[in-house]
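Since the structure comes first, as structure tokens, the remarks are kept for the end.
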């Protein structure tokens with residue numbers, strides 16, 4: 001990445017004075033990093049230029065982009081925060097300082113597991129560094145993305161460590177900010193380094209299956225387009241293919257059964273209003289057979305990260321009278337923009353958002369429903385800076401969206417997937433504990449094996465010798481580990497374990 005390309009892209013989006021500010025930052029960083037090289041052998045300045053280019057792509061505000069150019073100057077050169085504030089203003093200095101602090105905290109956390117907020121000190125430092133201005137997190141994600149894209153120059157051990165950190169920390173952060181495209185890019189690159197054999201296998205399988213289904217989708221798409229035009233609904237329609245890492249996670253959930261994955265390809269319909277979203281849903285259900293349990297309304301009930309859309313999976317038949325399952329995602333243009341780039345979307349164009357940030361020192365007002373955790377994070381950072389006490393357990397999920405964090409009575413912490421059940425926890429502790437589980441106490445109360453666990457729960461597993469897993473336990477776990485251990489133990493005891501029942505398919509529409 002060269003500085004003239006960055007400036008050329010900026011000229012199409014910013015006023016001349018703002019582009020001049022960016023040019024001055026590039027000159028400042030170029031002088032500060034003069035003579036420094038990355039492990040790839042290229043001049044160091046290419047890294048901050050790439051970060052700034054990404055931030056422009058995400059349509060961040062000019063101060064964030066300038067901070068992206070300068071984000072390594074304080075940590076890696078003789079430049080100071082005072083130098084940056086004198087030349088580029090308080091807001092840029094504030095952002096650079098936040099990114100610098102976050103980098104220093106990471107160096108103090110040698111093992112990946114210390115990112116999980118197991119100690120008050122680590123959590124406090126992380127919250128103070130990121131909570132004061134959410135743009136610090138976004139700049140750091142852009143920084144991490146470029147580091148991943150140039151990871152091949154590092155040793156295998158460092159590649160693995162950085163990839164694991166990216167998968168367990170930065171991808172969930174992107175997800176919490178609803179930056180869907182960025183999350184996928186972080187996950188795909190990380191997974192490729194962590195399990196290249198599995199990545200390549202799934203990539204080939206995905207290509208094969210998508211290729212065979214693509215031409216069959218054309219008739220479905222044409223049928224939908226004809227009806228939308230007939231109903232005079234303005235729309236845009238395109239397709240998306242499931243990412244390799246998402247496929248990997250879903251196969252784990254469905255015991256590696258490809259035939260139970262219905263969303264390898266999804267058709268996305270973008271319309272002008274929420275009313276049109278529901279009209280389109282009705283049209284799809286009139287044209288095709290909706291699959292039971294596969295209709296999800298994330299418009300009236302957004303996801304925790306603010307994501308809004310309608311999802312439905314329908315059944316059709318191709319020209320050879322073979323079943324074809326198609327997932328549709330229906331959303332407005334505004335929902336689509338937010339789904340792709342999340343909280344980063346529109347910083348450049350939303351002057352009110354920037355005004356609110358500057359006035360509050362980083363907190364954003366008017367957050368989308370489901371993203372109030374950003375405001376809570378900011379408030380917590382202020383409280384920690386003031387030396388106040390905070391409830392650590394309630395903060396476990398501030399950064400990690402799809403995991404729950406539970407405790408043993410002695411205070412040890414374990415993470416499990418959202419929706420995990422008591423037997424999942426028992427087998428997470430140890431196979432011998434899981435298979436001899438008699439009962440489970442959650443927060444001091446005996447609960448059933450089908451009771452979902454929640455972040456902050458204190459769980460005690462009560463075992464008895466001579467107890468063996470029962471066949472119905474298979475239906476009372478969600479983790480592949482627990483399910484595999486139960487099946488193995490049942491077979492060892494001579495219990496017949498039936499093959500997985502295939503999912504019941506809807507009757508053919510006549």
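A few points about this structure:
- Once the convex hull of all Cα atoms in region 403-492 is built, its volume per residue stands at 81 Å³.
- Added length on full extension, which subtracts the Cα-Cα distance from 0.36 nm per residue, residue 150 to residue 13: 46.6 nm
- The rule of thumb for compact globular proteins, 2.2 N^0.38 Å, goes into the C-alpha radius of gyration of region 206-267 1.37 times.
- Peptides 231-238, 163-170, ordered by how many other C-beta atoms sit within 10 Å of their residues on average, highest first, read 163-170, 231-238.
- Quarter of the Cα convex hull surface for region 196-340, i.e. its orientation-mean projected area (nm²): 9.3 nm²
- Antiparallel DSSP beta bridges within region 196-340, as percent of all bridges there, nearest 5: 75 percent
We did not get these values from a lab; they are worked out from the coordinates using the rules stated. What you are looking at is a predicted structure, and each value in this text was computed from that prediction instead of being measured. Methodologically, a virtual Cβ is constructed for each residue, glycine included, from the backbone with ideal geometry; neighbour enumeration extends over all protein chains shown.
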